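**Student:** One structure, pasted below without further comment.
The values are calculated or read from the model by the stated rules, or taken from the named source; none is laboratory data. Everything quoted here is computed from the prediction, not taken from an experiment. With ideal geometry, Cβ positions are generated from the backbone for all residues, glycine too; neighbour counts draw on all protein chains shown.
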Amino acid sequence: MIETFRLHQLLRETVSAPYRCLVTRPTGAAIRSRIEEALADSACITALLDFAEVEVIDFSCADEVIAKLVLAQHTSSGPYVVLQGLTEPQLEAVEHVLNHRRLAVAALREQPARPALLGCADDDTRQAFTTLCEDGATDPDSLASRIGWSRERAAAALEMLTSLRLARFLDGTVRPVPVP
């Protein structure tokens, strides 16, 4: 199950002002708190943060909303965090924060929605992520065969994907994070 959080709507409900800019650390903390409260009562597998209709997100708000939410979900084994609807200027702030904190997240960037890896990851992890998203569930032997890697290299990349919570281990295979 996927639970979608429309950030422009949360912003409007949290900060009683008509603007559509996610700026300042207190605003980001308030938005993140609302999301965490909703996730506490949810059995969803994926928390989809939808940035459509958000005009701007600054570094401090990206850190408060995205980085801290991703960190919290890592430690609690909560839902996977996926981003959607980011514009190029927003992407810059998000990438900066994720790289600074050595985090990564999946983002839906195109139509049809195909996940892209944002943030801190090495080339092998990025290639394994792309292959996993294109081809579906895999194991180290299958991934190694598809890409032309050793089994050990493929296993290490898949392990990194699961540790970054960009993929999940289920029924003996590694699968992409569930997205709409």
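**Student:** May I ask you to say which residue of CYS44, CYS61 is assigned by TED's automatic domain parsing to the domain that holds ALA116, touching a strand residue (DSSP E or B) at 6+ places or on another chain (Cβ under 6 Å), outside any helix (DSSP H, G or I) and free of Cβ contacts under 8 Å to residues at least 60 places away in the same chain?
**Tutor:** CYS44
Residue-by-condition table, conditions (1) assigned to a strand (DSSP E or B); (2) under 15 Å from THR46 (Cβ atoms); (3) modelled with pLDDT of 95 or more; (4) assigned by TED's automatic domain parsing to the domain that holds LEU7:
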| position | (1), (2), (3), (4) |
| --- | --- |
| VAL97 | no, no, yes, yes |
| GLN111 | no, no, no, yes |
| PHE129 | no, no, yes, no |
| ASP141 | no, no, yes, no |
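**Student:** Shifting gears a bit: In the range 1-41, how many residues are of a type in the set (D, E, K, R) and without any contact (Cβ under 8 Å) to a residue 24 or more places away in the chain? I'd like the intermediate steps shown before the answer.
**Tutor:** Just the residues of the range 1-41 that are of a type in the set (D, E, K, R), to begin with: 3, 6, 12-13, 20, 25, 32, 34, 36-37, 41.
Going one step further and asking which of them are without any contact (Cβ under 8 Å) to a residue 24 or more places away in the chain, we end up with 12-13, 37, 41.
The qualifying residues number 4.
**Student:** Checking SER150 against (1) surrounded by 13 or more Cβ atoms within 10 Å (Cβ to Cβ); (2) without any contact (Cβ under 8 Å) to a residue 60 or more places away in the chain, only one condition comes out false. Which one?
**Tutor:** (1) is the only condition that SER150 fails.
**Student:** For ALA116, are the conditions met, namely being assigned by TED's automatic domain parsing to the domain that holds CYS44 and touching a residue at least 60 places away in the same chain (Cβ under 8 Å)?
**Tutor:** It is false that ALA116 is assigned by TED's automatic domain parsing to the domain that holds CYS44 and touching a residue at least 60 places away in the same chain (Cβ under 8 Å).
**Student:** Based on what the data block shows, is GLU64 of a type in the set (D, E, K, R) and at pLDDT below 95?
**Tutor:** Here the answer is no, as GLU64 does not meet what is asked.
**Student:** Considering (1) at pLDDT below 95; (2) β-branched (Val, Ile, Thr); (3) not assigned by TED's automatic domain parsing to the domain that holds PHE59, say which one THR125 fails and leave the rest.
**Tutor:** The single condition THR125 does not satisfy is (1).
**Student:** Of the residues GLN73, GLN90, which is of a type outside the set (Phe, Trp, Tyr), at pLDDT below 90 and either surrounded by fewer than 15 Cβ atoms within 10 Å (Cβ to Cβ) or not in a loop (DSSP other than H, G, I, E, B) (or both)?
**Tutor:** On the way: GLN90 fails: at pLDDT below 90.
GLN73 is the lone residue from the list that is of a type outside the set (Phe, Trp, Tyr), at pLDDT below 90 and either surrounded by fewer than 15 Cβ atoms within 10 Å (Cβ to Cβ) or not in a loop (DSSP other than H, G, I, E, B) (or both).
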